[in-house]
Every structure is written in structure tokens, then in C-alpha cells.
Amino acid sequence: MSNPSTTPPTRSAGKIKLSRPPPITRTAAPRAALPAEQRHAMIAVAAYYIAQHRGFEAGRELEDWLRAESQIDGALRGVAPGRT
């Protein structure tokens, strides 16, 4: 299957000359709004795993929730973890 947006190679004096393909550009696809309940559930699951990873130490629940919220919101925006 060929890509119609690129031009085919041409022959010039027995040599094949390849043309450059068009540059790849990323465009953000419009995303449907995520229901608040689904976002909340995703954050709750992420917070649980964060707490589990640190041994369920008491007194850090809010920190776990905020970290999970940041991770989920970043993922929903398409931002790599740690770059929010």
C-alpha cells in the first residue's frame, strides 16, 4: 500500500532519486469530556496504588490523593509524568 501524500521516486541517469516525505506534525485530537465520576474513580485507584507502593503509611492520604490527581490529570492532557 502506498502513501498518496508522498511523491514516488524518480529515475535520473540510472540512479533512483528519492523525494523527501512531508514532515510529520502532531495535532491534538479533540477529546470528549471525561465524566467527573470516572475521573474521581481513576484518581482513587491511582492513590490506592501510590499508598500501596509506600506500605500504606498512615497520615499521607492527602499527599497520595494529590499526587494521583496530578498524574491522572497529566495523563488526560497527554503530558508525560513528572512534567505537569
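Each value in this text was obtained by applying a stated rule to the coordinates, not by laboratory testing. All figures in this text were calculated on a predicted structure; none of them were measured in a lab. Don't worry about glycine lacking a Cβ; one is built from the backbone with ideal geometry, like all the others, and counts go over all protein chains shown.
The dipole here belongs to the range 40-84: it is taken about the Cα centre, uses +1 on the Cβ of Lys and Arg and -1 on the Cβ of Asp and Glu, and is about 180 debye.
Here the relative contact order of the range 40-84, from alpha carbon pairs under 8 Å that lie six or more residues apart, stands at 38 percent.
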